[in-house]
Amino acid sequence: MKLFRLTALTAAAMLAAAPAALADGNTIAVVNIQKITTEAGAAKSVREQLESKYKAFQADISKREGQLQKEDQELGKQQSVLSKSAFDEKARTFRKKVTEVQKEAQSKKALLDNASARAWGEIQKTVTDIVADLAKEKGFLVAISSQSPTSQVLYADSSLDITDEVLKRLNQKLPKLDVKFGAEGDSDSKPDNK
């Protein structure tokens, strides 16, 4: 998950440009993105929906592969009793079926990848909006992720951490997110705020 990759170097550059603002009480905020993507209701619902759809796709592909294995075995038995042209035609038809199943598996993987990207993008946008609102309310200049793979934060005082407030607001604003798969995902995805 590539959420919020603002490094400490970027934060330092922004702070260097605004020392007067810091003197007025503005500060830095720290957000633990890993905690948000683990604990937020929307994130949990996205993971559950993606896992469920993956299992359904996997079961369907496995079933079709099992059928193809049986058909391959049957074709092998028929090789000695069929004419060469009849066997070649059946083999060609079988290879076409194999190709179709492979394409379907690739298509389903792409569908899951796209649905996942859209859902996590919606969560990321909502978190970014919440952090921006908090910045205006509390007057901080920079928000950095304390858990990003590119984070350079070695220490941050706990008073700078706004993770719990971001998580609380995210759960209020986006308690659940319906993942859109396929054509239904081509339209703008709307959060389910029930």
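Structure data summary
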{"read-out": "Low-density loop positions, chymotrypsin sites (Phe, Trp or Tyr not before Pro), the range 107-157 - DSSP coil, at most 16 other Cβ in 10 Å", "value": "Y155"}
{"read-out": "Set K96/K180; K35/K109; K44/K173; K77/K103; K109/K168 screened for pairs whose C-alpha atoms are more than 25 Å apart", "value": "K96/K180; K35/K109; K77/K103; K109/K168"}
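Values in this text are rule-based calculations from the coordinates and carry no lab data. Bear in mind the structure is a predicted one, so any value in this text is a computation, not a measurement. Note: ideal-geometry Cβ built from the backbone for every residue, glycine included; neighbour counts use all protein chains shown.
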